[in-house]
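Please read the structure below before turning to the comments.
The values are calculated or read from the model by the stated rules, or taken from the named source; none is laboratory data. Model, not experiment: these values are computed from the prediction. Reconstructed Cβ throughout: ideal geometry from the backbone, glycine too, with neighbour counts over all protein chains shown.
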Amino acid sequence: MTAPDADGGDPADAGSVVEAVFDAVAETAPEIRAALPGRRVKSGTENASGESVMAGDLYADELLGDAITAVDGVGSFVSEEREAAVDAGGAVGEGAYAVAIDPLDGSSNLRSNNAMGTVVGVYDAPLPATGRDLVAAGYVLYGPITTMVVADDDGVREEVVEAGADGSVSRSVVEDNLRLPDDPLVYGFGGRVPDWTDEFTAYAREIEDELKLRYGGAMVGDVNQVLTYGGIFAYPALVDAPDGKLRLSFEANPIAYIVERAGGAATDGEVDILDVEPEGVHDRVPLYVGNEELVERLKAALD
Ligand code: AHG
Ligand code: MN
Ligand code: MN
């Protein structure tokens, strides 16, 4: 697949566009991290999902939007913090790519100083698209250190991203073939227990007897624990919110793409997340993701 650059110059292939997108994401990471201490307050606005937006959300969205739309081969940009797609030049699906991001996932953790991050999906089709149109996905995790996980056709890698003294950004690959451990250890389930369905509650009771609770309120941090230790993360369908909370285009699809390439599975409770057909770029979907055996048990429990 080749992608003409924004001004119709030499075509770029998927690999070089994906590389340039994650170079841009990595370049902004230290700047976003450094800006967080001063942006732990509500902005006073709501986003397309009707959720309160933090100052950190807006800053990350602005920085990442500028950096990603400037990449040759990116034709369209979608963000949790923007109602509609931004035209970045180039026909998506005919050589240009669409990038969907959650600029700051888990921003409610800003006040409590817990982990949060950025989620990125690179699609080879106009959005909203199914996860089968993803050509790459990744996330930045702002924990005690800043890491970036990137998945593409070659597999899943983890990098440490650091700001150099001279303002440069240094990246080092610490795992070049990230795989889910075979023996699961942790679980993290979102929502309030009284809002869970009876079927999910019964499943959760089984898992609670088998695994250790690791729920931090930011999907990227909780999924990173599952990728590191093995297990399952879920933001389930709720009694009064059957579509759950997480958005397909820039949360569930990229995470499903990554975890599947690390040897795991991801479902909305019935079908693979990557097969869910969205109507809009802010569509919500229940997400159950992690070790395949645990995901299969979940699907049977909800059946
Ligand atoms: P965001 O900050 O991008 O809106 O995402 C928050 C999401 C996700 O990161 C996390 O798994 C979930 O919200 C936590 O929801 P609860 O606060 O209901 O646990
Ligand atoms: Mn999020
Ligand atoms: Mn967010």
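Couple of notes before you dig in:
- Residues that are at pLDDT 95 or above, in contact with a Pro (Cβ under 7 Å, 6 or more places away or on another chain) and of a type in the set (Val, Ile, Thr) within the stretch 92-129 comprise 118, 119, 120, listed in sequence order.
- Residue that is surrounded by the most Cβ atoms within 10 Å (Cβ to Cβ), among those in the stretch 152-200 that are in contact with a Lys or Arg (Cβ under 6 Å, 6 or more places away or on another chain), over 22 Å from residue 235 (Cα atoms) and aliphatic (A, V, I, L, M): 156
- Members of the stretch 34-91 that are away from ligand 1 (no atom under 13 Å from the Cβ), surrounded by 22 or more Cβ atoms within 10 Å (Cβ to Cβ) and part of a loop (DSSP other than H, G, I, E, B): 71, 73, 88, 90
- Of the candidates 89, 75, the single residue that is closer than 16 Å to residue 125 by Cα and modelled with pLDDT under 95 is 89.
- In the stretch 160-169 there is no residue that is in the same structural domain as residue 136 (by TED's automatic domain parsing) and within 16 Å of ligand 2 (Cβ to nearest atom).
- Restricting the stretch 202-219 to residues that are surrounded by 15 or more Cβ atoms within 10 Å (Cβ to Cβ) and more than 8 Å from ligand 1 (Cβ to nearest atom), the residue that is farthest from residue 302 (Cα to Cα) is 216.
- Scanning the stretch 236-248 for residues that are at negative phi and touching a Phe, Trp or Tyr at 6+ places or on another chain (Cβ under 8 Å) yields 236, 237, 238, 239, 245, 246.
- Positions within the stretch 249-262 being in contact (Cβ under 8 Å) with a residue 60 or more places away in the chain and away from ligand 1 (no atom under 13 Å from the Cβ), in sequence order: 253, 256, 257, 258, 259, 261, 262
- The residue that is surrounded by the fewest Cβ atoms within 10 Å (Cβ to Cβ), counting only those in the stretch 99-116 that are within 10 Å of ligand 1 (Cβ to nearest atom) and either on the phi > 0 side of the Ramachandran plot or in a loop (DSSP other than H, G, I, E, B) (or both), is 108.
- Given (1) surrounded by fewer than 22 Cβ atoms within 10 Å (Cβ to Cβ); (2) away from ligand 1 (no atom under 13 Å from the Cβ), index of the condition residue 149 fails: (1)
- Some residue of the stretch 119-128 being without any contact (Cβ under 8 Å) to a residue 60 or more places away in the chain, in contact with a helix residue (DSSP H, G or I) (Cβ under 6 Å, 6 or more places away or on another chain), within 14 Å of ligand 3 (Cβ to nearest atom) and not in a strand (DSSP E or B): no
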